[in-house]
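A quick write-up on the structure given underneath.
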Amino acid sequence: MFLLALVLLVPILSFNIVPRVRADAPFSLNSVPAATSEGNTVSLVLSASGAVPNIQYRFRFSVIDPAGKTAQSLANYTTASGQNTFTLIVVYPSPSFQGSNALVGQYNAKVDELWPTAAPGVAGTSFILSITDSSSYQRTQTVLIQASGYSASESVTVTIRTQATSTVVFSQIVPATGTGIVATSWKTPRNATIDTYIVTLTGTSTVKNPADSQPFSLGRAVMIIGSITSVKSVYQRTETMSFFFQPTYPDGSIPSTGVALLSLAGSGGSSVTLTATYDSTSQTFEASYQTSLDNQTGTWTASLGGHAYSDAYGNNGPGATVSTSSQLTIIPLTVSVTTNSTISVGQLLKFNATVTYPDGTVFLPGIVKASFLYSSTPVVNNSVPVVFDTTLGLWIGTYTVRPSDTGGLWSLVVKASDSPTPPNTGFATRAITVQNTSGGNASFPLYYFGIIAALVALLLVAVFFAFRRRKVTHASLKIDLDAVRSEAGRIESTDFFKSVKDQVAKEG
């Protein structure tokens, strides 16, 4: 009976003593950083999900260095109530994780779970310790070299040679620091050979296995061109569009050799290729385009495509297309008119005009029109014929002033436009005084005649009453002419009559 009871109780007790865990709890291991230089530490980050709350986990971290030696470290983590994920970080090497970081090459790391379940190799990763800060470089970039594990003050020879021809491009003896670190650098020239290079460190007393030797690649520099600049944002036809840009190498230095091909596209869809060359004064690459009279107006865009610039050594850029836009507008024509400033009725108004572009080029094809304009009431706009005199090289127009043309200030307007679409235009205006003294033009107002008639009637009435008192004998009437003259003179001297005379004089 005792044995039977024991057989029944043991499984139950065992179930209560050992906590339940998930045998397939996922773990992941990452190295931070994944690559670094000799002598630096690496953090091994263990992440767990689906963990059991309120329990202690125990792990064993292992790292195998390039020489095949294994270093181990134990680490624990206790989950809290309700916690089912956690992260555990272990630093290699460290006082609790004794190992080497003085060998170049790959280090393999793994984690074994020891408690609450025994599960070897639940996660793994690897990291690289190198003697250069990168595995590839562009021309002009600097190769940083660092190694560790040497004796204090030990002289270490650092050499860099090409893999293809074993040509030594760098050699230096560097003393190790008190902690055994050897550090130096090599700035790659802009014309360095494109190849794989081997950097090697050789100590006078320290011998490493594997030795401090590592390859790296060196390629063309990708030139940095952030933008293209237009000298002006708005150009007129016949002006020269100018563009410039400044490439830089990865180290920030400025090239002084090479060419670039720019594409300049007009708003009409046509495009031209421009060659940009180096200007030593501005230390930029410049390109220009002489616009013409008939270029399409609107937006013009200059673009530098990817790798469209190259220096003398094959370094090129930019990595992506860069562009800039400018506006092209019509050009104003300069119109100069020579003519008289005063003209009378019946006389011939003759004028000549020259039309030029801003650069002085004489305007020939196109249209020139003229009009003789009176802007007062009534408005008059007379068209004036214009022809081009090939002998004189002038546009000539004539107009005969008519009797019906109102006297006063007129305007001669000459307009010019050429053939492109849209056309380039210009105009000029000249003030001309027209003298018209004809009677019909005087336009003496009718109400003035009424006023004069009233004055004459008043004069006659005054004369009549003045002589009624005199006797009339036989059938004849003797008029006192002296009295009539006196009365007429009195009326003429009045302010009203004087104003009428002045007005008539003005109208005449």
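For the reader, a short list of remarks on this structure follows.
- Residue within the range 49-68 that is free of Cβ contacts under 8 Å to residues at least 40 places away in the same chain, in a strand (DSSP E or B) and more than 21 Å from residue 28 (Cβ to Cβ) present: no
- Residue count, the range 212-244 (criterion: polar (S, T, N, Q) and farther than 17 Å from residue 282 by Cβ): 6
- Selection within the range 396-432 - out of contact with any Lys or Arg (no Cβ under 7 Å at 6 or more places or on another chain), free of Cβ contacts under 8 Å to residues at least 60 places away in the same chain, within 12 Å of residue 350 (Cβ to Cβ) and part of a strand (DSSP E or B): 396, 397, 399, 400
- When residues of the range 325-361 are limited to those that are assigned to a strand (DSSP E or B) and more than 21 Å from residue 388 (Cα to Cα), the one farthest from the chain's Cα centre (by Cα): 344
- Close pairs from the range 161-177: first more than 23 Å from residue 193 (Cα to Cα), partner outside any strand (DSSP E or B) and of a type in the set (D, E, K, R), Cβ under 8 Å, at least 6 apart: 175/154; 176/154
- Strands (runs of 3 or more DSSP E) contained entirely in the range 81-195, each with at least 1 residues that are open to solvent by less than 70 Å² (accessible area, probe 1.4 Å) and closer than 30 Å to residue 314 by Cβ: 119-130, 136-138, 142-147, 155-162, 168-175, 182-187
- Unique match (being free of Cβ contacts under 8 Å to residues at least 12 places away in the same chain, surrounded by fewer than 19 Cβ atoms within 10 Å (Cβ to Cβ) and either more than 15 Å from the chain's Cα centre (by Cα) or in a strand (DSSP E or B) (or both)) among 281, 301: 281
- First in the range 370-390 and within 15 Å of residue 402 (Cα to Cα), second anywhere and open to solvent by 70 Å² or more (accessible area, probe 1.4 Å), Cβ under 7 Å, 6 or more apart: 371/381; 371/383; 373/381
- Scanning the range 55-80 for residues that are over 28 Å from residue 107 (Cβ atoms) and open to solvent by 80 Å² or more (accessible area, probe 1.4 Å) yields a single hit, 78.
- So residue 293, is it among the aliphatic types (A, V, I, L, M), under 30 Å from the mean Cα position of the chain (by Cα) and open to solvent by 50 Å² or more (accessible area, probe 1.4 Å): yes
- Condition met for residue 249 (buried (at least 16 other Cβ atoms within 10 Å of the Cβ) and either touching a Cys at 6+ places or on another chain (Cβ under 8 Å) or under 30 Å from residue 199 (Cα atoms) (or both)): yes
- The listed residues are 345, 335, 387, 362, and the only one of them that is out of contact with any helix residue (DSSP H, G or I) (no Cβ under 9 Å at 6 or more places or on another chain) and either at pLDDT 95 or above or surrounded by 12 or more Cβ atoms within 10 Å (Cβ to Cβ) (or both) turns out to be 335.
- Whichever residue in the range 17-54 is open to solvent by 50 Å² or more (accessible area, probe 1.4 Å), among the hydrophobic types (A, V, I, L, M, F, W, C) and modelled with pLDDT of 95 or more and, among such residues, is farthest from residue 117 (Cα to Cα): 35
The values are calculated or read from the model by the stated rules, or taken from the named source; none is laboratory data. Fair warning: this is a prediction, and the values are worked out from it, not measured in the lab. Note: ideal-geometry Cβ built from the backbone for every residue, glycine included; neighbour counts use all protein chains shown. For accessibility, only protein heavy atoms count, side chains too; no ligands or nucleic acids. Shrake-Rupley method; radii C 1.70, N 1.55, O 1.52, S 1.80 Å.
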